[in-house]
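**Student:** Quick one: structure below, then a few questions.
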Amino acid sequence: MAKINLLPWREERRAQRRKEFIAVSTGVVILGIILSALIWMSYNHQLDEQNAANESIVRENQKLNQQLKALDGLQVRRDEIVERMKLIQDLQGVRPVIVHIFDEISKLTPQNMYLTGFSRQGDKFSISGKALDPNVVSDFLRNLGGSPWFRNAFMNSFIAGEIKPQQQGAVAPRVEDAYGTFLVTVDMGDMSTILVAPQKNDEVAP
């Protein structure tokens, strides 16, 4: 019986399988590299898009902040204008009252007294001046208390004047030079009473 040598065929088959395995492995490695490169490129692209979106958001936020600051400035400006308009309206409404208050104070000021200063803060008035003595200031307080235009009259201070000796040949000093300095505070009266008071005076006037 003839013998057939199969060794070369088997070796060739093994070699062929080895080549196929190497080829497949190489293909898998190359495919993995390609896929990794594609994934990396896709990730970088998404990262670039995200960075661009973030920069866009930052720019929009900056624009929005600038717009908000501008709106805040407009609101502040508007509030200032409204306050100024209110002040003008208040001054226009109070002007006749202030004129009448000055007229009333001049009528209520007793003799041996003259006024040097007048200030207002809200409904409270500060009146400064000079008077012969504290009794004259007390008369002034009573006059203020009897007027519907005022209430809570109070003498804060009275500083007596200095009487300087007259030098020979000098001009005789005025009586007012010896007056003391005073400060009086008083509140504005009730407006409803103030508005009704002139009407009552008109009714009883002959």
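**Student:** Which condition from (1) modelled with pLDDT of 90 or more; (2) outside any helix (DSSP H, G or I); (3) out of contact with any Ser or Thr (no Cβ under 7 Å at 6 or more places or on another chain) is the one that Asn156 breaks?
**Tutor:** (3)
**Student:** Further question on the same structure: Check whether at least one residue in region 189-206 is modelled with pLDDT of 85 or more and either exposed (fewer than 11 other Cβ atoms within 10 Å of the Cβ) or under 45 Å from the mean Cα position of the chain (by Cα) (or both), and report yes or no.
**Tutor:** For region 189-206, residues modelled with pLDDT of 85 or more and either exposed (fewer than 11 other Cβ atoms within 10 Å of the Cβ) or under 45 Å from the mean Cα position of the chain (by Cα) (or both): absent.
**Student:** Which ones in region 120-136 are surrounded by fewer than 17 Cβ atoms within 10 Å (Cβ to Cβ) and within 37 Å of the chain's Cα centre (by Cα)?
**Tutor:** The answer is Arg120, Gln121, Gly122, Asp123, Lys124, Ser126, Ser128.
**Student:** Within the group Gly93, Gly117, which residue is loosely packed, with under 11 Cβ neighbours inside 10 Å and modelled with pLDDT under 90?
**Tutor:** Result: Gly93 is the single residue among Gly93, Gly117 that is loosely packed, with under 11 Cβ neighbours inside 10 Å and modelled with pLDDT under 90.
**Student:** Also, I was wondering about something else. Only one of Ser138, Ser106 is over 16 Å from Phe182 (Cβ atoms) and small (Gly, Ala, Ser); which?
**Tutor:** None of the other options fit; the residue is Ser106.
The values are calculated or read from the model by the stated rules, or taken from the named source; none is laboratory data. What you see is a predicted model, and the numbers here were worked out from it, not measured in a lab. Virtual Cβ from ideal backbone geometry, glycine too; neighbours counted across all protein chains shown.
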